[in-house]
Amino acid sequence: MQKEKLAEVKDLKIYAKNDDGDIIPIVKGVSFDIHKGEVVALIGESGSGKTTISLASLAYTKPGLYFAGGELLVDGEDMLKAEPLRTREIRGSKVAYLAQSAAATFNPAITIGEQVTESAVLHGKLSQGEANKRAVELYHALELPDPERIGFRYPHQVSGGQLQRLMAAMALCGKPDLMVLDEPTTALDVTTQIEVLKAFKKVIHEENSAAVYVTHDLSVVAQIADYIVVLYGGEVMEQGTADEIINNPGHVYTQRLMAAVRPKPQAGLGSSVGVEHERDIPAIRIKDMTAGYGGIVNGEPKIPILQDINVSVKNGHVVGVIGESGCGKSTLARVMAGLLPQAHGTVELDDVELEGDLRNRRLEELQKVQFVFQMADTALNPKQVIGDIIGRPLEFYHGLKGKQKHAKVMEILEMVELPADFASRYPMELSGGQKQRINMARSLAANPEVMLCDEVTSALDSIVGANVIRLLTALRDRTGVSFVFISHDLSTVASFADEIVVLYAGRIVEQGPTDEVLMPPYHPYTRLLISSVPELRIGWLEDTMQKREMAVGIAKDVEITSVGCPFFNRCPMGIEGTCEKQNPPIRELSSGHEISCHRTVEELEEVELEVQMALGQENADKLVV
Amino acid sequence: MMTKMVLRRVAIGFATLIVVSIIVFVMTSILPGDVAQIILGQSATPETLAALRKELGMDQPGYVRYFQWLGNMATGDLGISKAGGATIESLISGRLGNTMVMSGLVAVISIPISIALGLWAAMHPGALLDRIVTFGTLSLISVPEFFIATILVLILAVELHWLPSTAYLTGEETFLELLRALAMPLITLVIVVSAQMIRMTRAGILNVMSSPYIEMAILKGVPRRRIILRHAFFNAIGPIVNVIALNLAYLVSGVVVVETIFSYPGLAKLMIDGVQTRDLPLVQACAMIFCSTYVLLILLADVASIMSNPRLRNPK
């Protein structure tokens with residue numbers, strides 16, 4: 001049955017005008033249709049024009065852009081020609097917007113309830129009382145905790161995943177005909193992403209509204225979209241039903257996107273180090289370390305984050321640290337770098353104990369441990385040219401000046417695969433991926449032994465991110481530098497780490513060689529993480545939600561405890577009376593592979609068998625049908 | 001959490017006052033000239049000087065005098081003017097009242113006008129009125145206040161004869177007469193302090209206007225008026241109240257030029273007179289009053305910005 005057409009994008013052109021008056025086409029004649037009750041995904045890397053197109057359906061352009069041609073009809077009305085007063089009526093009532101970062105798009109000074117209902121009331125669609133009632137209904141539908149009262153809270157009082165769902169309530173409150181969702185799950189942890197995706201899908205279905213879903217992540221698209229438009233450089237490469245595009249991509253670019261989809265984390269993907277850099281003593285080692293914030297009282301941090309951490313990074317190895325946001329990943333790197341002195345325990349570099357506070361460390365110790373920050377945008381001084389940014393550590397640590405310094409800058413630029421003339425450019429002139437390379441080049445210039453990379457690929461598109469990972473691997477092989485690679489993305493970590501450390505609520509639940517961590521038996525949390533990574537398969541979301549660990553573990557919040565296993569409240573295998581009362585023992589499966597769990601290795605293996613059996617049964621059922 | 005932060009600010013305010021009192025005391029003590037010498041003038045003999053010093057307590061060691069002075073100050077005993085023999089209280093009280101009337105009136109007029117104009121300018125950036133306001137306030141900030149005062153006197157008093165050029169008070173004016181007498185210094189001061197407050201309000205709002213949550217409000221179809229008043233204003237309160245507080249404090253202590261031009265008997269002028277006559281107790285008392293005003297106003301501004309922060313008002 002042909003669905004009713006809601007919106008029509010016809011040969012849409014959006015151009016930018018820069019300060020010199022040059023006109024740069026951003027969207028170069030894009031056409032597609034949106035039907036009622038249908039989710040249309042716009043997919044492509046950054047710069048493909050997907051966000052610009054989606055905003056056009058709200059009769060909005062970012063500053064500096066303008067509509068250059070074509071039509072964008074919603075219910076037969078051209079959004080591109082709407083008068084300013086009319087655009088205000090359209091926004092929020094006919095077409096609603098959901099942004100990438102709910103944390104930034106909620107006003108910190110206004111209660112959630114007022115923000116959710118504001119648009120519906122302003123447009124006269126509902127009275128305040130009706131809007132409040134509808135909001136509570138939506139909170140219920142989105143499975144938010146305490147739906148009757150969550151509206152009285154302020155944005156900082158709820159978690160990121162909840163805020164993301166609250167934004168969906170904000171968009172839906174005015175019963176819009178069309179919703180625009182701009183990368184709404186990109187910034188979330190995998191476990192939270194599932195929860196949010198599930199809620200979106202349910203509510204879109206129940207409300208029978210149409211949606212434009214903007215993302216660069218094909219696996220997410222496979223779960224939610226009915227129709228897919230593949231964009232590159234402001235042009236449509238290919239469009240079709242989700243089934244056609246996912247299962248039978250025609251265009252080369254779509255195939256490239258598919259290839260860049262991070263593979264399901266599994267054994268055998270990690271690289272291992274060349275023998276020439278292998279050495280016995282660890283580059284950096286942490287022993288029985290506890291750290292936190294708010295000052296140290298009686299030898300314990302006021303707000304403890306990390307507890308009893310033992311990690312060792314071998315020379316020339318890549319150690320991946322993974323876990324959900326708030327689990328203490330960045331804190332671990334900050335302790336290693338001396339940015340946050342530990343409360344107790346030791347940090348050793350080449351078997352020599354380091355001072356906790358970097359102000360007390362010697363210059364060469366500082367030089368050997370370098371930090372690469374997540375946001376290259378904020379980490380690079382916008383007023384300095386690249387040559388100065390990279391030259392600074394060369395001068396500071398190695399005393400290089402003039403020609404020598406220049407030569408070394410050239411060498412480092414070559415190492416991060418950027419052209420030499422970048423030395424005279426400013427960070428603003430570079431793309432996101434290039435900036436991240438400069439960010440790493442600066443650390444590299446110190447000639448470090450250990451590089452601490454904090455979520456360095458998280459803000460990048462999959463293709464650009466994959467290139468950065470390839471570069472990191474090449475650098476490791478060439479220089480023998482050790483990496484501590486922090487990420488919430490298990491697939492990225494699995495693709496190139498030698499060892500993996502799984503953190504949960506400030507404690508290490510499992511660590512070991514990549515291949516062993518990603519093979520059963522798993523720690524229950526490791527397994528939750530692995531099964532939360534979306535697959536490029538239609539129907540994956542539904543299948544996964546059926547699984548036992550999802551039912552138990554997905555919707556719960558992380559609780560930091562000092563007694564018992566912190567994962568207990570989300571664990572499908574918890575032993576009541578034991579797990580929440582006693583700290584779990586550390587079970588050594590092989591040299592260097594440790595799982596911290598009350599369940600024995602045999603019990604963990606048994607569960608794995610059951611799952612395999614169940615899966616086998618399911619497949620068998622499918623065959624019969 | 002919030003109470004703790006407010007208490008902390010109050011404690012810091014107190015500490016600031018103590019430090020300032022020490023500085024005031026030490027600085028005035030090392031000023032050249034000896035009060036005993038000044039009082040006795042030509043008739044000074046070494047014996048009478050010593051006797052007077054003893055009577056004034058000036059033979060005691062410094063720290064003893066400091067604590068005595070601080071204790072007196074705290075209990076409201078501001079001492080006796082060393083130049084005239086009158087109590088400092090009697091000298092100050094009338095002047096303090098005048099200063100309070102003046103700065104109170106200026107505040108009542110300028111704060112609403114400034115915030116309204118600042119908001120208006122922020123609502124229509126680049127519009128004609130915005131450009132007039134930004135250009136006008138910038139010019140007014142860069143012009144010294146005596147210049148503004150002189151121009152006003154030339155136009156309103158000398159040319160048009162609308163207002164008296166001085167603001168000398170007899171103490172028996174009706175309210176209307178009082179307003180008329182005060183009009184000139186009032187207008188001058190309103191212009192001087194409003195310029196800064198308008199600019200800060202406009203800048204504070206426009207700074208917040210580039211936040212993602214403002215773009216979200218635009219995409220929700222919220223009218224610009226409401227965006228500014230409901231979404232932006234509350235997030236910009238911190239810097240705005242601080243600039244208001246600084247300007248109010250300036251009104252109490254820094255208006256000596258304006259007071260002089262219009263012969264207005266305010267506190268700042270009294271302090272300058274005190275410095276000229278080496279009347280240390282008077283200078284000390286005035287300095288402490290000015291300082292307390294600053295500390296109190298900045299404290300109020302801090303508390304206001306803490307209260308306006310929902311994170312602190314509603315902890316997790």
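For peptide B:234-247, the mean count of partner chain Cβ atoms within 10 Å of a residue's Cβ comes to 1. Using alpha-carbon pairs under 8 Å, 6+ residues apart, how would you state the relative contact order of region B:187-316 in percent? Contact order relative to length: 27 percent. The simple Förster model, with R0 at 45 Å and r as the Cβ-Cβ distance, assigns A:SER431 and A:GLU588 a FRET efficiency of 0.50.
Distance between the pseudo-spin-label points of B:THR166 and A:MET545 (7 Å out from Cα toward the beta carbon): 8.6 nm. With K and R counted +1 and D and E -1, the other residues having a Cβ less than 13 Å from that of B:ILE272 yield a net charge of 0. Of the GluC sites (Glu not before Pro) found in region A:326-401, those that fall in a DSSP loop while having at most 14 other beta-carbon atoms within 10 Å are A:GLU355.
Could you tell me the center-to-center distance, by alpha carbons, between region A:581-610 and region A:109-174 in angstrom? With region A:581-610 and region A:109-174 each reduced to a Cα centre, they are spaced 43 Å. The largest-to-smallest principal axis extents of the Cα set in chain A are 72, 68, 53 Å.
Between A:LEU257, A:PRO176, A:HIS406, the Cα set farthest toward the positive side of the dipole of chain A (charges on each charged residue's Cβ, about the Cα centre) is that of A:HIS406. Residues A:GLU89, A:GLU542, B:GLU172 in ascending order of nearby Cβ atoms (within 10 Å, fewest first): B:GLU172, A:GLU542, A:GLU89.
Placing unit charges on the Cβ atoms only, positive for Lys and Arg and negative for Asp and Glu, gives the protein assembly as shown a dipole magnitude near 2600 debye about its Cα centre.
Phi angles of region A:359-373 translate, via the Karplus equation with coefficients 6.51, -1.76, 1.60 and θ = phi - 60°, into HN-Hα couplings of 5, 9, 7, 7, 4, 6, 5, 4, 4, 7, 10, 10, 10, 10, 7 Hz per residue; Gly and Pro are given as x. Taken about its Cα centre, region B:88-278 carries a charge dipole of roughly 880 debye when the Cβ of each Lys and Arg holds +1 and the Cβ of each Asp and Glu holds -1. Placing unit charges on the Cβ atoms only, positive for Lys and Arg and negative for Asp and Glu, gives region A:275-507 a dipole magnitude near 660 debye about its Cα centre. Between the amide H of A:TYR97 and those of A:GLY92, A:VAL180, distances stay under 5 Å, these residues lying 5 or more places away or on another chain, with hydrogens modeled in the peptide plane. Taking other C-beta atoms within 10 Å as the exposure proxy, A:TYR522, A:TYR97, A:TYR293, A:TYR397 rank A:TYR293, A:TYR397, A:TYR522, A:TYR97 from fewest upward. Translational diffusion of region A:275-507 was estimated from the Stokes-Einstein equation, with Rh taken as the Kirkwood radius over Cα pairs; at 4 °C and 1.567 mPa s the coefficient is 72 µm²/s.
Remark on A:LYS314: its backbone amide H falls under 5 Å from those of A:ALA283, a criterion applied only to residues 5 or more positions apart or on other chains, H modelled at 1.01 Å from N.
Between A:ASN247 and A:LYS383, the simple label model (points 7 Å from Cα in the Cβ direction) yields a spacing of 5.9 nm. Overall, the anisotropy analysis places region B:88-278 in the prolate class: the square-rooted eigenvalues a ≥ b ≥ c of its C-alpha gyration tensor yield a/c not less than 1.5, with a/b exceeding b/c. From the residues B:GLY118, A:ILE204, A:THR600, which one has its Cα farthest along the dipole of the protein assembly as shown in the positive direction, the dipole being from +1 and -1 charges on Cβ of Lys/Arg and Asp/Glu about the Cα centre? It is B:GLY118. For the residue pairs A:LYS10/A:LYS202; A:LYS28/A:LYS125; A:LYS5/A:LYS202; A:LYS81/A:LYS202; A:LYS133/A:LYS201, the alpha carbons lie more than 25 Å apart in A:LYS10/A:LYS202; A:LYS28/A:LYS125; A:LYS81/A:LYS202. Averaging the Cα positions of each part gives two centres, and for region B:290-306 and region A:396-432 these lie 49 Å apart. When only alpha carbons are used to place a centre, region A:44-107 and region B:83-136 end up 44 Å from one another.
Dipole orientation for region A:275-507: of the candidates A:LEU471, A:LEU366, A:ILE390, A:ILE390 has the Cα lying most toward the positive pole (charges on Cβ; Lys, Arg +1; Asp, Glu -1). The long axis of helix A:402-415 is offset from the longest Cα principal axis of chain A by roughly 60 degrees.
Counting neighbouring Cβ atoms within 10 Å and putting the fewest first, the residues A:ARG599, B:ARG53, A:ARG359, A:ARG86 line up as A:ARG359, A:ARG86, B:ARG53, A:ARG599.
Coordinate-derived values only; no laboratory data. Model, not experiment: these values are computed from the prediction. As a convention, Cβ positions derive from the backbone with ideal geometry for all residues, glycine included, and neighbour counts pool all protein chains shown.
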